[in-house]
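J.: Structure provided below as structure tokens; questions to follow.
The values are calculated or read from the model by the stated rules, or taken from the named source; none is laboratory data. No experiment lies behind these values; they were computed from the predicted model shown. Methodologically, a virtual Cβ is constructed for each residue, glycine included, from the backbone with ideal geometry; neighbour enumeration extends over all protein chains shown. In case anyone asks, the SASA skips ligands and DNA or RNA and just uses the protein heavy atoms, side chains included. Shrake-Rupley method; radii C 1.70, N 1.55, O 1.52, S 1.80 Å.
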Amino acid sequence: QAQLVESGGGLVQAGGSLRLSCAASGGTFSRYAMGWFRQAPGKEREFVAAIVWSAIGTTYGDSVKGRFTISRDNAKNTVYLQMNSLKPEDTGVYYCAAQTGWRLQNPTEYDYWGQGTQVTVSS
């Protein structure tokens, strides 16, 4: 069973950048597709980005395309989310998640979740 721990959140001004990390332990990390989701107060959890186990394929939510980049290092059991040109609407709790399937944008397909890290973008 995988355990996921996010880090790297914080407070940043609009236009700034942050890099989130998600460290995995337990299970075989390289077998999992990894995703990032976010949730703002009063809103549903939103798909942000995902990457397949081999890192060949990635997919992004429409609101972050061209600004965010997901990557992974299977040797370090870690997935990253580089966030550039941040906007106030990017504010929320960011979660990483793992699954062995292929429906990467559907949160119900993910088997394991981290506890989340807060990202706040000020205007």
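J.: Specify the longest stretch of the chain that does not include any exposed loop site, a site being one of the trypsin sites (Lys or Arg not before Pro) with a non-H, G, I, E, B DSSP assignment and at most 13 other Cβ atoms within 10 Å.
T.: Free of exposed loop sites, the longest segment is 1-42.
J.: So, taking all protein chains as they sit and a 1.4 Å probe, how much accessible area belongs to TYR80, in Å² rounded to tens?
T.: 30 Å²
J.: Additional query: Can you give me the solvent accessible area of TRP53 with a 1.4 Å probe, rounded to the nearest 10 Å²?
T.: Accessible area of TRP53: about 130 Å².
J.: Measure off, as a whole percent, the carbon and sulfur share of the 1.4 Å-probe accessible area of region 22-123, all protein chains present.
T.: On the way: 2380 of 5060 Å².
Ligands and nucleic acids excluded, carbon and sulfur give 47 percent.
J.: Find out how many positive minus negative residues lie around ALA33, taking Lys and Arg as positive, Asp and Glu as negative, among other residues whose Cβ is under 14 Å from that of ALA33. Before the final figure, lay out each step's value.
T.: Values: positive: ARG31, ARG72, ARG103; negative: GLU109, ASP111.
Surrounding charge for ALA33 is +1.
J.: Further question on the same structure: Could you please put ILE56, ILE51 in sequence from largest to smallest accessible area, using a 1.4 Å probe? The partial results should precede the final answer.
T.: On the way: ILE56 150, ILE51 5 Å².
Sorted descending by solvent-accessible area, the residues read ILE56, ILE51.
J.: Right, another one. Residue by residue through region 11-23, what is 3J(HN,Hα) from phi via Karplus (6.51 cos²θ - 1.76 cosθ + 1.60, θ = phi - 60°)? Round to whole Hz and write x for glycine and proline.
T.: Values per residue, Gly and Pro as x: 9, 9, 7, 3, x, x, 9, 9, 10, 8, 10, 9, 9 Hz.
J.: Taking the chain as a Gaussian network, Cα atoms linked when under 10 Å apart, which of PRO107, PRO88, PRO41 shows the biggest mean-square fluctuation?
T.: Checking each option, the largest mean-square fluctuation is seen for PRO41.
J.: Further, regarding this structure: Can you work out the accessible area per residue across region 1-59, with the rest of the protein chains kept in place, probe 1.4 Å, in square angstrom?
T.: On the way: 3030 Å² over 59 residues.
Dividing the accessible area of region 1-59 by its residue count gives 51 Å².
J.: Could you point to the residue in GLN1, ALA23, VAL119 farthest towards the positive end of the chain's charge dipole, with +1 and -1 charges on the Cβ of Lys/Arg and Asp/Glu respectively?
T.: Value: ALA23.
J.: Taking only C-alpha pairs under 8 Å that are 6+ residues apart, what is the relative contact order of region 1-107 in percent? It would help to have the intermediate numbers written out before the result.
T.: Details: 219 pairs, mean separation 37.2, N = 107.
Computed value for region 1-107: 35 percent relative contact order.
J.: DSSP loop GluC sites (Glu not before Pro) in region 11-106 with at most 15 other Cβ atoms within 10 Å of their Cβ, which ones? Working shown, then result.
T.: Numbers: sites: GLU44, GLU46, GLU89; in loops: GLU44.
Filter output for region 11-106: GLU44.
J.: Follow-up question, since we're still on this one. Name the residue from TYR95, VAL12, GLN39 whose Cα lies farthest towards the positive end of the charge dipole of the chain, charges +1 on Cβ of Lys and Arg and -1 on Cβ of Asp and Glu.
T.: Positive-end residue among those listed: VAL12.
J.: Let me ask something additional. Going by the alpha-carbon gyration tensor, a ≥ b ≥ c the square roots of its eigenvalues, is region 41-112 rounded (a/c under 1.5) or, if a/c is not under 1.5, prolate (a/b greater than b/c) versus oblate? It would help to have the intermediate numbers written out before the result.
T.: Working: a/c = 1.80, a/b = 1.29, b/c = 1.39.
Oblate, since a/c reaches 1.5 and b/c is not below a/b.
J.: May I pose another question? Among GLN105, GLN13, GLN39, which one shows the highest mean-square fluctuation when the chain is modelled as a Gaussian network with alpha-carbon springs under 10 Å?
T.: Among GLN105, GLN13, GLN39, the largest mean-square fluctuation in the Gaussian network model of the chain belongs to GLN13.
J.: Dipole magnitude of the chain about its Cα centre, charges +1 at Lys/Arg Cβ and -1 at Asp/Glu Cβ only, in debye to the nearest 20?
T.: The dipole of the chain has a size of about 180 debye.
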